[in-house]
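Okay, structure first, notes after.
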Amino acid sequence: MLTVDPWHWLTEDGHFLVDKPLLYRRMLRIARFIEYGGELQKHETRETLVECRRRPKGKPCSGLMWVVKTADDGILAHCMVCKTEEVFIHNWQKTEWAEGMMEPVPVEMGGPAVH
Ligand SMILES: [Zn+2]
């Protein structure tokens, strides 16, 4: 299983490395796990809408990833269908996804124009 410190794949001020497509895609997946798992209490878990990317015997796994908050405040992402532990994330607490989804804002501040 991979252990990830997200700060290795972010800029110093916590943004995606958008000019490095491979690291960007990897970090985007990590950020989703942080967003789902950051607010969990220790020993809690929840299902995500992140698809398992394993291909056992050449066929895509049908599972969705689950995140677990571990006793040492890490986030473990695993798939219950193919029984794979994909990644353990530590040092995530100061990333911008740590407190879950962004708060709703009025459309004028971020959305498309509404007519
Ligand atoms: Zn799977």
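The values are calculated or read from the model by the stated rules, or taken from the named source; none is laboratory data. In this text the structure is predicted, and so the values were computed from the model without any measurement. Methodologically, a virtual Cβ is constructed for each residue, glycine included, from the backbone with ideal geometry; neighbour enumeration extends over all protein chains shown.
Look at region 1-24: where a residue is without any contact (Cβ under 8 Å) to a residue 60 or more places away in the chain and hydrophobic (A, V, I, L, M, F, W, C) and a partner is surrounded by 10 or more Cβ atoms within 10 Å (Cβ to Cβ) and in a loop (DSSP other than H, G, I, E, B), sitting 6+ places away or on another chain with Cβ atoms under 7 Å, you get W9/L17; L17/T11; L23/L17. Of all residues assigned to region 70-93, at least one qualifies as being modelled with pLDDT of 95 or more and farther than 22 Å from T3 by Cβ.
What do you reckon, is A113 at pLDDT below 95 and small (G, A, S)? If you could, list the steps in order and put the result at the bottom.
Working: at pLDDT below 95: yes; small (G, A, S): yes.
In short, yes.
Take region 58-106 and flag every residue that is on the phi > 0 side of the Ramachandran plot and among the polar types (S, T, N, Q). Give the steps one after another, and end with the answer.
Of region 58-106, the ones on the phi > 0 side of the Ramachandran plot are 58, 73, 83, 91, 100.
N91, the sole residue that qualifies.
Applying the set (1) touching a strand residue (DSSP E or B) at 6+ places or on another chain (Cβ under 7 Å); (2) surrounded by 18 or more Cβ atoms within 10 Å (Cβ to Cβ) to R46 leaves exactly one unmet item: (2).
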